[in-house]
Amino acid sequence: MIKEKEITKLIVSEYFDSILSNIEIDVAIVGAGPSGLTAARILASHGKKVAIFESRVAPGGGMWGGGMLYPVIVLKEGRELLEEIGVKCRQKNGYYIANAIEATSKLISAAIDAGALLYNGTTVEDIIVKNDRVAGVVINWTAALQLGLLVDPLSIEAKFVVDATGHECYVVRKIEKLGAKKMQGEKAMWAEMGEKASIEHTKEIYPGLYVAGMAAIAYAGAPRMGPIFGGMLLSGKKVAEDILKKL
Ligand code: 48H
């Protein structure tokens, strides 16, 4: 027999058990695009308590759409980060190409398989700052925010926070009010420079707060790179490795 109340009980108790055991974590990653998912997978595979907060229902960020909705992604560097999670990469004309849908879905499942928690439909609307250090994230239902409801948020304490919110660079904009360096905004496209810059500018920009992926580009004022994704994956790897050294 199938009982409606049992289905409800299972869903609600499972969600609440998960959130209650993750009120204090090692790393809070904001945004489930390619950089955030890669960072989460690596951190979780080293036994760290990691949660990704994604405002949309579907994680994956800007990778699903490949280039202009042609579901193909191009890489020059970093294909090993796809191949090690089972994505088929093919060499063509000096580049590597992969199916955007295969790559995005495997990045999501690999992060979850490694032990990262993924809270979707959940927007990070602010950060916790104590004694000049970022100490966690302030979360709310995306739906509540989009409807403009006056609903106070909840908080998750984290030793480190990663802004992997892509072009929005959302978290970083919150620390401007603390007097930190302002976000410069991404520059016009220059694929080669953008790919290099996405790794170079992946760093801790305020105690406890790292930028990765397109958020690192936007923060630093570096050029965008278009639908080439190696820099995003390598940025995720770099932020995970930098944080691992400190945990
Ligand atoms: C929770 C949030 C919030 C918030 C945003 O855009 P993304 O795919 O991010 P990256 O940096 O991993 O990858 C960028 C890449 O997809 C891209 O756009 C490229 C390479 N562009 C080049 C170019 O020239 O245009 O994912 C960011 C995710 C999204 O899923 C957002 O919904 C989510 O972050 N997000 N989640 N709280 N406040 N803000």
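The values are calculated or read from the model by the stated rules, or taken from the named source; none is laboratory data. Just so it is clear, the structure is predicted and the values come from calculations on it, not from any experiment. Note that each Cβ is placed from the backbone with ideal geometry, even for glycine, and that neighbours are counted across all protein chains shown. The accessibility values were calculated without ligands, DNA or RNA, using every heavy atom of the protein model including side chains. Shrake-Rupley method; radii C 1.70, N 1.55, O 1.52, S 1.80 Å.
Things worth noting here:
- Considering G60, G65, the condition of being within 13 Å of the ligand (Cβ to nearest atom) and open to solvent by less than 10 Å² (accessible area, probe 1.4 Å) is satisfied by G60 alone.
- Residue identified as surrounded by fewer than 16 Cβ atoms within 10 Å (Cβ to Cβ), free of Cβ contacts under 8 Å to residues at least 24 places away in the same chain and not hydroxyl-bearing (S, T, Y) among K182, K246: K182
- For region 200-230, a residue qualifies if it is away from the ligand (no atom under 12 Å from the Cβ), open to solvent by 10 Å² or more (accessible area, probe 1.4 Å) and not basic (K, R), and the qualifying residues are E200, E204, I205, Y206, P207, A220, G221.
Each row is one residue, and each column tells you yes or no for (1) loosely packed, with under 14 Cβ neighbours inside 10 Å; (2) among the charged types (D, E, K, R); (3) modelled with pLDDT of 95 or more.
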residue	(1), (2), (3)
A116	no, no, yes
N120	no, no, yes
Q146	yes, no, yes
V151	yes, no, yes
D163	no, yes, yes
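- Every residue from region 34-57 that is within 11 Å of the ligand (Cβ to nearest atom) and open to solvent by 10 Å² or more (accessible area, probe 1.4 Å): P34, E54, S55, R56, V57
- Residue, least open to solvent (accessible area, probe 1.4 Å), within region 165-179, restricted to residues that are within 14 Å of the ligand (Cβ to nearest atom) and farther than 16 Å from T202 by Cβ: I175
- Single match in K88, K106, K76, K92 (criterion: open to solvent by 40 Å² or more (accessible area, probe 1.4 Å), over 20 Å from the mean Cα position of the chain (by Cα) and closer than 28 Å to G47 by Cα): K88
- Only a single criterion out of (1) farther than 30 Å from K177 by Cβ; (2) touching a strand residue (DSSP E or B) at 6+ places or on another chain (Cβ under 6 Å); (3) within 15 Å of the ligand (Cβ to nearest atom) is not satisfied by G78, namely (2).
- Filter result for P71 (farther than 29 Å from V134 by Cβ, open to solvent by 10 Å² or more (accessible area, probe 1.4 Å) and either within 15 Å of the ligand (Cβ to nearest atom) or at pLDDT below 95 (or both)): yes
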